[in-house]
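Inspection log for the structure reproduced underneath, given as structure tokens.
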Amino acid sequence: MAQGLTLHAVVAKRGLDVRLTVEPGEVLAVLGPNGAGKSTLLHVIAGLLRPDTGLVRVGDRVLTDTGAGVHVATRDRRVGLLLQEPLLFPHLSVAANVAFGPHSRRRLGVRRAHARTVAAPWLRAVDAEDLAERRPRRLSGGQAQRVAIARALAAEPEVLLLDEPLSGLDVGSAAMVRTVLRDVVTAARRTTVLVTHDLLDVFALADRVLVLEEGRVAEIGSTAEVLATPRSRFGARIAGLNLVTGVLDGAGTLRTGWGEDWYGTADDDLLAGAPAVAICTPRAVAVYRQPPTSGSPRNLVEVTVAGVDTRGSAIQVRAAEQPDGSPGLAADITADAAAELRLAPGETVWFGIKAQEVTLRATHPGIT
């Protein structure tokens, strides 16, 4: 039976302060910019790092409790960790690598012969039976990662931790291994925490998404909710949306920390004085060389051009970062408009967005 995961961890030196719960059999994807604390979070769960204060519990088993002085060793946690590098034992065959976990637990009643038997179905599950007698040096990157998956699962972990396991593979191998992961994780009902930068991993594997920013939970929700209606800077960036932070100042008005007002349609649950974000798509943004004198959009923002890129059939104009350090706004314009504007980095332009194209939403309670 799958076991759920409960965690509260504070690692002051790394700026991490996170609380989360993963339901039994659930796959939680953890997203965030570099340095947000994603790998630190996994290391705390795996027992590789002791938090300053905190609790890690899997089902009814307490793995870490700083208040009670409990810290179960990594080898005894029943937690599997799969990294970008497969880290197979070079002197062992594929079959022996996969059998290593069950064999190492023979003191718990699992014999060597039984361990090999346990390894066989996992090799079959990852379509690697024909590789059983090979040594790791004779495997491709995709084959090695499939074997690493089989080895992690053969140890029968109660929680599986995936730290960007596909980022070192080429596109074809990554797609193949992603499919294998989806099938075996679903079939085994393993409670899983997945750290990734790839939205394909999220769509294929995750039930929920947690966004970490500066060591804190910026937002958490279903995959569809976070990617369709993000409430954090990083969530908006990966979803390809513009996001401005501030405080709701009356119905339909967001006041930023630098005194700029944004106008839009506020969600029903948003109260005056509450932290909020304004969100719009780059397609909703018009670009002007000079402030328009007629038909002016409600939201008109002076920005500095940071770059101009091709995005499919559109041209995207990216502005420099916002005064609070948030990612710069973006505007998708036609090739004809780009040819007429002839923009270059460093130039000043105006972004205009109609109020009906902007949505005002409350930020996640974890944002401070």
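Read-outs: derived from the displayed coordinates by stated rules, not from any lab. Every value quoted in this text rests on a predicted model; they were computed, and no experiment measured them. Cβ sites come from the backbone with ideal geometry, for glycine too, and all protein chains shown count toward neighbours.
If a paramagnetic tag sat 7 Å from the Cα of Lys13 along the Cα-Cβ line, which residues of the range 43-78 would have the backbone N under 11 Å from that point?
Only 49-52 fall inside the zone, counting backbone N under 11 Å.
Report, in whole Å, the centroid distance computed from the Cα atoms of the range 278-326 and the range 162-181.
35
Taking the structure as given and computing mean projected area of the Cα convex hull in nm², which label from (1) 21.7; (2) 32.0; (3) 16.7 fits?
Calculated mean projected area of the Cα convex hull in nm²: the matching label is (1).
With r defined as the distance between the Cβ atoms of Ala306 and Phe89 and R0 fixed at 56 Å, what FRET efficiency is calculated, to the nearest 0.05?
Given R0 = 56 Å and the Cβ-Cβ separation, E is 0.75.
Taking amide H atoms as placed 1.01 Å from N in the peptide plane, list the residues 5 or more away in sequence, or in a different chain, whose amide H sits under 5 Å from that of Val70.
Asp65
Run through the DSSP bridge list for the chain and note the antiparallel percent, rounded to the nearest 5.
75
Pulled fully out, how much extra length does the chain show between Ser294 and Thr179, if you take 0.36 nm times their separation in residues and subtract their Cα-Cα distance?
36.0 nm
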